[in-house]
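One structure is given here, and the rest of the page talks about it.
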Amino acid sequence: MAALGLNLGYLLVQMFSFLVMFVVLRAWVYGPVLELLAARREKISKSLEDARKAEELREHTEAESSKILAAARAERATIVADATYQAEKRAADIIRGAEKEREELLTAANLEAESKVQGALEELRPQIAAIAIAAAGRIVQGALDDARQHALIDSFFSGVREGKVTILEGEALSGAAAVVTSAITLNDPEKEKIKKALADKLGGSAKVSFRVDPSILGGIVIRVGDHEVNGSARQTLAQLQESLR
Amino acid sequence: MTASSDNRILGIKNRYLVLVLLIGWAVAYRIMPPVLMRIQLPAEELTHAVQLPLLGRFAFTNTMAAMLISDLILLVLAFSFSRAARAALAAGGRAIGGVSGAVEALLEALYGLTETNAGRWAREIFPWFATIVLVVLVNNWLELIPGVDSIGILHAAEHGFAVQATALGTTIVGAATHNEAGGLFELVPLVRVNSTDLNFTVALALIAVFMVQVFGIRALGVGYFKKFWNTSTMFTKPIFGVIDFGVGLLELVSEFSKILSFSFRLFGNVFAGSVLLFVIGYLVPSFAQTIFLMLEFGVGLIQAVVFGMLTMVFMSQAVVSHHGDEHADPEGAAAHD
Amino acid sequence: MEGNIVQMGQVIGAGLAMMGAIGAGAGIGIVVSGAVQAMGRNPDFAGTIQTNMILGIAFAESIAIYCLVVALLILFVGVS
């Protein structure tokens, strides 16, 4: 053993040294380090707990926020639907109103146009009638040759004779001068006939003068004083125009 | 001497500094070649030995000097750690910086290991575990300090080395020859690493194994000894009872073999490490020893942790009762080593 | 350096005794191989595996330590 260096004294010294170190380290190092470890462990578990709580809080908040979000989404959807409905309704109203207005305008315009047309027609009628009568007069003038003129005059007198034509119903016309206007120059028999007829009415002393006026177209016009018996074609046409008006 | 932020020491970039040091080393080797130290197992005595009544021969050895130095280092470390830890505790468990922070990290890792192995006995076992680790670690790492194992007192000796006076002191200059005029000397280092002294490792191993038994008795009472003297199944099971009894005796033997393996593992590793450093320093002029210093750094740490961890594991197995299969646990394996 | 046959025997015997370290070396290699494979398979248990690996290495190494003890005994204690 001595050759290996083992020696009881040295051995005891080393043991003593180790035990002293054990006591010192236990007092100065292990106590504090175990406390430190415990404190750190507690701190770690506490912070883990805190982290867990924070996580819970976060999850809670997330759920709440998602709930709020969902509610907001639903509300938004309803608002959008409502607004769409309102807008559609409003649009429909507007369209309907516009259509109505358009129809009204159309009706009014139609009416106005109609009335204008009517007015125009009203205005046009006498002119047309005048034109038509003028045209008719022209035609009648062309159509009334001598024979017809005479026939017309004959028919006038025959009408007088038959009582169809009332001429100068007999008041105080005696003595007045009579003017007979015709379209053509009357021949003598006719003149005699007229004189004779007038003499019947006016008395024998009546002075009869004859005038030719082609504008009366046909027939004859007899004027005695203020009275006039109009058997002319013009008169007939004027009566026709009056009735057309 | 700390490196500045741009990796400079004394204004020189680190790599050039290393180069200069290597060249200087090689030059020094040429001028004054190192000699291979005499390798000796027992610690050298620094003082005159006295004969004590019961203990026998006693002297102050160089390993005792290393022991005192390491104790001093540990005391300073413990004191500073105590102050730092109390300050940290007062501040609500904030982190500790510096060397104390490193110690705290190491102890935290060790405590974690203890907790996984020993469970509720962790607080009892941890101080032994940690003390063994710290003491062995500091003692092992003393080897890395320059001057340890190489600065010492010259003694005249029959088988020694020639010496020569230099400007700075006296140094050994050559291998031993018989016909030197000035006589021959041998160097007795002032400080020799404690772990290369069997007294230290055996003391540690004895304490560790003794405390294992103490923990076993504290946990299981007298029933703890049934592990070693197992006659309970001797007559109930015809053959296996005898085998169990034999296993119990093997357990007893293994407790003693634990002392042997504990002490010689540490001693062998560190002693071999220092011999390796001597030989490498003698053989290779430059740089090679640096690599082996790094290796010794690792070996010192691993041996410290292994010593402590084995103690811890044995303790945590001793506090558990052994009714199950004894071959399933490492205790059974320990019986066969 | 004159020696005697006892010294020679001691040195040779110590060297031969250290041959037992072969087995320990191989054993440590096997232990570490298995442990590293296990760590690779389930890295979550790397801590536990490492603890057991170091224990296994220690047990394997103790064989080599016995060899060392015997070698040291032969070298320094001698045969007398």
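The values are calculated or read from the model by the stated rules, or taken from the named source; none is laboratory data. Treat the numbers as computed from the prediction; the structure is a model and nothing was measured. Neighbour counts run over all protein chains shown; Cβ positions are idealised from the backbone, glycine included. Accessible surface is based on the protein model in full, side chains and every heavy atom, while ligands, DNA and RNA are left aside. Shrake-Rupley method; radii C 1.70, N 1.55, O 1.52, S 1.80 Å.
Brief remarks on what is shown
- Within the stretch B:44-57, residues that are at pLDDT 80 or above have Cβ atoms under 8 Å from residues that are open to solvent by less than 70 Å² (accessible area, probe 1.4 Å) and of a type in the set (D, E, K, R) in these pairs: B:GLU44/B:ARG192, counting only partners at least 6 apart in sequence or on another chain.
- Cβ separations smaller than 6 Å between residues 6+ apart or across chains give the following pairs from the stretch A:1-14 residues that are within 7 Å of chain B (Cβ to nearest Cβ) to residues that are of a type in the set (A, V, I, L, M, F, W, C) and assigned to a loop (DSSP other than H, G, I, E, B): A:LEU4/B:LEU41; A:GLY5/B:LEU41; A:GLY5/B:ALA43; A:LEU8/B:LEU55; A:GLY9/B:LEU55.
Okay, residues lined up against (1) more than 10 Å from chain A (Cβ to nearest Cβ); (2) outside any loop (DSSP other than H, G, I, E, B); (3) closer than 21 Å to B:VAL306 by Cβ:
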residue	(1), (2), (3)
B:ALA65	yes, yes, no
B:SER80	no, yes, no
B:ALA85	no, yes, no
B:GLY92	no, no, no
B:GLU108	no, yes, yes
B:TYR111	no, yes, yes
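- Qualifying residues in the stretch B:31-79 (those that are open to solvent by 80 Å² or more (accessible area, probe 1.4 Å) and under 18 Å from A:LEU19 (Cβ atoms)) - the one farthest from the chain's Cα centre (by Cα): B:LEU72
- The residue of the stretch A:32-41 that is farthest from the other protein chains (Cβ to nearest Cβ), among those that are open to solvent by less than 80 Å² (accessible area, probe 1.4 Å) and not basic (Lys, Arg), is A:ALA38.
- Which listed residue, of B:ALA167, B:ALA203, B:ALA162, is at pLDDT 80 or above and of a type in the set (Gly, Ala, Ser): B:ALA203
- Exclusive hit being hydrophobic (A, V, I, L, M, F, W, C), in contact with a Ser or Thr (Cβ under 7 Å, 6 or more places away or on another chain) and modelled with pLDDT of 90 or more, set B:PHE60, B:PHE129: B:PHE129
Per-residue answers, yes or no, for (1) basic (Lys, Arg); (2) more than 14 Å from every other protein chain (Cβ to nearest Cβ); (3) more than 30 Å from B:ASP71 (Cα to Cα):
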site: A:VAL29; (1), (2), (3): no, no, no
site: A:LYS43; (1), (2), (3): yes, no, yes
site: A:GLU49; (1), (2), (3): no, yes, yes
site: A:ARG52; (1), (2), (3): yes, yes, yes
site: A:LEU57; (1), (2), (3): no, yes, yes
site: A:ALA77; (1), (2), (3): no, yes, yes
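- A:LEU25 vs. criteria within 7 Å of chain B (Cβ to nearest Cβ) and assigned to a helix (DSSP H, G or I): yes
- Count - residues of the stretch B:109-153 that are surrounded by 15 or more Cβ atoms within 10 Å (Cβ to Cβ) and either of a type in the set (Asp, Glu) or touching a strand residue (DSSP E or B) at 6+ places or on another chain (Cβ under 7 Å) (or both): 6
- Here A:VAL29 fits the description: open to solvent by less than 100 Å² (accessible area, probe 1.4 Å), under 30 Å from B:THR201 (Cα atoms) and of a type outside the set (Asp, Glu).
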